[in-house]
1. Take residue 33 and residue 372, extend 7 Å from each Cα along the Cα→Cβ direction, and tell me the distance between the two endpoints in nm.
2. May I ask for the distance between the Cα centers of region 144-160 and region 295-343, given as a whole number of Å?
3. If R0 is 35 Å, what FRET efficiency do you get for residue 242 and residue 293 from their C-beta distance, rounded to 0.05?
4. Counting only Cα atoms, I'd like the Rg/Rh figure for region 83-153, Kirkwood definition for Rh.
5. Return the single residue from 243, 264, 151 with maximal mean-square fluctuation; model: Gaussian network over the chain, springs between Cα atoms under 10 Å.
6. Helix 282-298 versus the longest principal axis of the chain: what angle, 0 to 90°, nearest 10, using Cα atoms?
7. On full extension of the chain, what length is gained from residue 326 through residue 150, given 0.36 nm per residue of separation minus the C-alpha to C-alpha distance?
8. When the Kirkwood radius is taken over all Cα pairs of region 138-201, what Stokes-Einstein diffusion coefficient follows at 10 °C and 1.306 mPa s, in µm²/s?
Ligand code: PLP
């Protein structure tokens with residue numbers, strides 16, 4: 001395996017990878033759902049609880065100041081990771097889902113009127129569909145949908161025709177969580193801005209796999225989840241251009257987000273705190289920063305190279321399985337491969353693979369409109385991370401072949 005780093009040494013950083021399930025070595029290929037955590041991330045969590053823990057931004061005492069410093073240093077790590085202009089543009093959330101709900105609520109309340117239009121695509125995760133539908137119910141906005149081609153790419157001709165003088169926001173995944181398709185965000189940003197609209201990027205599946213630079217992408221908003229990039233669960237980021245965030249009304253009210261409160265009138269904190277009501281997950285932010293440092297230590301370009309190699313290998317191996325349909329064949333894709341095998345229900349296959357120690361995802365992948373596009377109820381999905389090996393893909397292909405014969 002031609003990997004730009006020592007994969008065996010690196011796998012040692014992830015204790016869970018050496019466990020057995022059903023007396024077989026674990027083959028973990030469900031990384032688009034969540035990634036495993038390196039020891040340094042888990043250690044950072046226990047170290048902070050054991051020796052620093054105190055609420056942030058509130059105390060004058062030593063521990064509170066140390067916890068606040070770690071929390072704000074983490075914000076700087078995220079800023080630099082995304083190449084945002086300022087830490088004022090980095091809002092901590094619980095993850096991509098909360099980031100998009102925050103945006104739909106605050107952007108919607110501030111900028112959208114009845115009849116204004118938001119555009120999403122047919123291949124979005126439910127997290128980038130339902131918040132806009134809730135906003136449609138509340139405000140009477142119009143939700144338009146970009147169809148995809150059978151290759152799994154956006155249909156740009158149809159996309160161009162969706163714009164009108166009421167288009168305000170386009171919200172799209174950078175990378176599809178089912179097909180692995182990479183959307184050309186910079187090109188889309190130019191299109192969207194030419195129509196005087198804003199662009200939101202759901203980067204849940206790109207931040208773990210490729211360098212993401214908000215300045216180079218020229219997006220207005222971007223969201224990602226920590227747990228998909230080797231960090232802890234329950235922490236994520238919403239990036240937003242300062243000038244837009246500045247105008248937007250708060251999402252939730254409570255402590256941390258206020259400047260002054262009286263019953264007659266309340267004013268709000270400066271950015272980004274205006275959007276961070278309540279005690280933040282300051283342990284999570286620090287641990288996520290440790291995860292991003294870990295990723296940077298390996299080098300995002302090296303990770304991408306390794307995963308591209310795994311994806312090409314998987315496409316070749318899986319294509320040879322009789323009766324297989326692989327969904328999507330975009331020109332540019334990341335390490336996600338979705339498929340079905342003729343005559344075998346995806347859940348049955350997934351359950352039997354699990355008995356062989358192989359963890360893949362089965363079902364609708366929180367993308368039911370995409371399943372409707374392909375006329376299926378569900379799919380199997382293998383998704384790769386920096387620690388996966390070609391041997392694990394061999395195990396998947398062998399498992400599929402063996403089980404297929406059983407059926
Ligand atoms: N968007 C995409 C493309 C995803 O793949 C996911 C998770 O699978 C989400 C959004 C939601 O992420 P979370 O559940 O971490 O909020």
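1. Result: 2.5 nm between the two label points.
2. So the separation of the two Cα centres works out to 22 Å.
3. 0.90
4. That ratio equals 1.03.
5. Judging by the Gaussian network model, the answer is 264.
6. The angle comes out at about 50 degrees.
7. Here the answer is 62.2 nm.
8. In µm²/s, the coefficient rounds to 127.
Quick note: the coordinates plus some simple rules give every number you see, no bench work behind them. These numbers were taken from a predicted model, which means no experiment stands behind them. Counting neighbours? That spans all protein chains shown, and the Cβs are built from the backbone with ideal geometry, glycine included.
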